[in-house]
1. Which ordering of 103, 229 is given by a fewest-first count of other beta-carbon atoms within 10 Å?
2. Which of the three applies to region 254-336, rounded, prolate or oblate, going by the alpha-carbon gyration tensor with a ≥ b ≥ c and a/c under 1.5 meaning rounded?
3. If you take every DSSP beta bridge fully contained in region 43-312, what fraction is antiparallel? Give it as a percent rounded to 5.
4. Which order do the peptides 167-175, 38-46, 299-307 take when ranked by the mean count of other beta-carbon atoms within 10 Å per residue, highest first?
5. If amide H atoms are built 1.01 Å from N in the plane of the peptide, which residues on other chains or at least 5 residues away come under 5 Å of the amide H of residue 236?
6. Fewest Cβ neighbours within 10 Å first, please rank 150, 242, 178, 216 accordingly.
7. According to the square roots a ≥ b ≥ c of the eigenvalues of the Cα gyration tensor, what is the shape class of region 189-309, taking rounded for a/c under 1.5, prolate for a/b larger than b/c otherwise, and oblate for the remainder?
8. Helix 109-126 against the longest principal axis of the chain: what's the angle in degrees, Cα atoms only, rounded to the nearest 10?
Amino acid sequence: MAERKNTEFDRPGGYATPRGATQIQRESAADLPRADIRLLGDDVAPHVPATAAVEPVHRSADPDTRLYVGDCRDVIPNLPDHGEVDLVFADPPFNWDVPYDEWSDGMPRAEYERFTYDWLDICVDALAPHGSIWVNIPDDTAAEIVMHLKRRGLTMINWCAWHFRFGQHRDSSFIMSKVHALYFAKDPDHRIWNPDAILEQSDRASVYNDPRTQAKGRNAGMRVPMDVWYGPYWGRVQGNNKERRARHHNQIPEVYLERVILACSDEGGLVLDPFCGSGTTSTVARAWNRRSITTEYGAGNADSAWERINEIGMLRKGQSTGGSSALGRPRSKRTP
């Protein structure tokens, strides 16, 4: 039986649809900072940032690209661009005892949470009023980050999931195949948002050959991606992947950063990454003519990342857009 409109509701189009998560989040953003939300890391004294001029160890122009070496909690508050950042992307240490260059990745839980709130705070403070922040984080710390950003008064726009098929086998539980991509904005009504820059083919176009989607006045057959991300080049960056950087752990694929940067920053805008790692954020930002700032704790990792950022460059530019993420195979063409 065909769906019928319920006109008893005063909603756009007459459908009995909910207002949506973003609208509810927008309304609650002003209230949550007043709530007495207590988390484990609150019992640990916060980091006091050093006050000193900072200079990048590596820098290139056209567009301005800077890499600072040191603790991001000390570097970022002293940046000359503090308060002017359009977009923050952060892929922090997960505290899983990974042997990063010079960084201790095995803190007691309360100290790790305090570290997390400290770097989140300095990144939020570095944002411009229209700025947004994305955080890439696994299950065990996603909830704490969401609650801290909410009590800071930011509005959640999306809770996305990056899905990959290369999880390690285990007998004790289901295999981990996702990481959370948390998207928050300071001001949801004035954030940078470029949906046309990240379109992919809709299932109606790529699977069902529905002529109605091709008859649209604009963006025929296309849609904004869904909030679960997967597909070609979206897997974990493993051994023989041409994006792989030998001395770095847990690399994020370029297409992931491409989607975030195109959607949430403009050409010439400023992108900040507090955890440089292999340099993916600045590599992609530079390829798409965004200025970028990144920090790295260890000098060795910083040198390796800079080689990628400044000499190798982006390898899969444009591969995050225009394709299809459909799970089903194309069906036979329909007759209009």
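1. 103, 229
2. prolate
3. Antiparallel bridges make up about 50 percent of those DSSP assigns within region 43-312.
4. The densest-packed peptide leads the list: 299-307, 38-46, 167-175.
5. 165, 166
6. Ranked by crowding around the Cβ, least crowded first: 242, 216, 178, 150.
7. Cα axes put region 189-309 in the oblate bin.
8. 80 degrees
Every read-out reported here was derived from the displayed coordinates using simple, explicitly stated rules and does not represent laboratory data. Computed from a predicted structure; not experimentally measured. Positions of Cβ are generated from backbone atoms using ideal geometry, with glycine treated the same way; all protein chains shown enter the neighbour counts.
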